[in-house]
1. Considering the range 1-29 alone, what residues qualify as being modelled with pLDDT of 85 or more and among the charged types (D, E, K, R)?
2. So for the range 81-89 (the condition being surrounded by 12 or more Cβ atoms within 10 Å (Cβ to Cβ), modelled with pLDDT of 80 or more and not in a helix (DSSP H, G or I)), does at least one residue qualify?
3. State all residues of the range 37-51 that are assigned to a strand (DSSP E or B) and surrounded by 12 or more Cβ atoms within 10 Å (Cβ to Cβ); if no residue qualifies, say none.
4. For the range 17-35, give me each residue that is in contact with a Phe, Trp or Tyr (Cβ under 8 Å, 6 or more places away or on another chain), of a type in the set (A, V, I, L, M, F, W, C) and closer than 20 Å to VAL100 by Cβ.
5. Check off (1) over 10 Å from the mean Cα position of the chain (by Cα); (2) at pLDDT below 80 for VAL56 and give me the number that stays unchecked.
6. Which condition number in (1) modelled with pLDDT under 80; (2) in a loop (DSSP other than H, G, I, E, B) is the one that GLU32 fails?
7. What's the number of the only condition in (1) surrounded by 11 or more Cβ atoms within 10 Å (Cβ to Cβ); (2) assigned to a loop (DSSP other than H, G, I, E, B); (3) at pLDDT below 80; (4) not basic (Lys, Arg) that TRP63 fails to meet?
Amino acid sequence: MRGQPDSPASTSPADVDLPGLHLHQLTGDRKETWSVRVSGDWRVTFRFNGVQAEVVDYQDYHWGNIMLMHNPPHPGEILKELCLEPLGVSVTEAAKALGVAAKRFRAL
């Protein structure tokens, strides 16, 4: 998480390619951008510069609605706050339900 430099973090798009997130690379002039589904048409989009996620946005890119963020949180932090916590599901429980190793899921 932000502010915790020793915590594990995703270092490539493959690290967030978990079941149910529908990770995909965008096309056209946004071909360097990756997306994961949050709700409906809303997505967290991001780019990687080396091993650092950058240009993290929460947006409905199908309709052009975009919320640019300054000093954005890590995509894993957004997933935890918007998905796991409201459902009362721990990271371990989510990993088990998705059939993913808990260690890999925590690395988000």
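The values are calculated or read from the model by the stated rules, or taken from the named source; none is laboratory data. Small disclaimer: the values here were computed from a predicted structure and weren't measured. Virtual Cβ from ideal backbone geometry, glycine too; neighbours counted across all protein chains shown.
1. ASP29
2. Taking every residue of the range 81-89 in turn, at least one turns out to be surrounded by 12 or more Cβ atoms within 10 Å (Cβ to Cβ), modelled with pLDDT of 80 or more and not in a helix (DSSP H, G or I).
3. Here is the first cut: in the range 37-51, the residues assigned to a strand (DSSP E or B) are 37-39, 42-49.
Those that are assigned to a strand (DSSP E or B) and surrounded by 12 or more Cβ atoms within 10 Å (Cβ to Cβ): ARG37, VAL38, TRP42, ARG43, VAL44, THR45, PHE46, ARG47, PHE48.
4. Once the filter is applied, which keeps residues that are in contact with a Phe, Trp or Tyr (Cβ under 8 Å, 6 or more places away or on another chain), of a type in the set (A, V, I, L, M, F, W, C) and closer than 20 Å to VAL100 by Cβ, the range 17-35 yields LEU18, LEU23, TRP34.
5. (1)
6. Here GLU32 meets the rest and fails (1).
7. The one condition TRP63 does not meet is (1).
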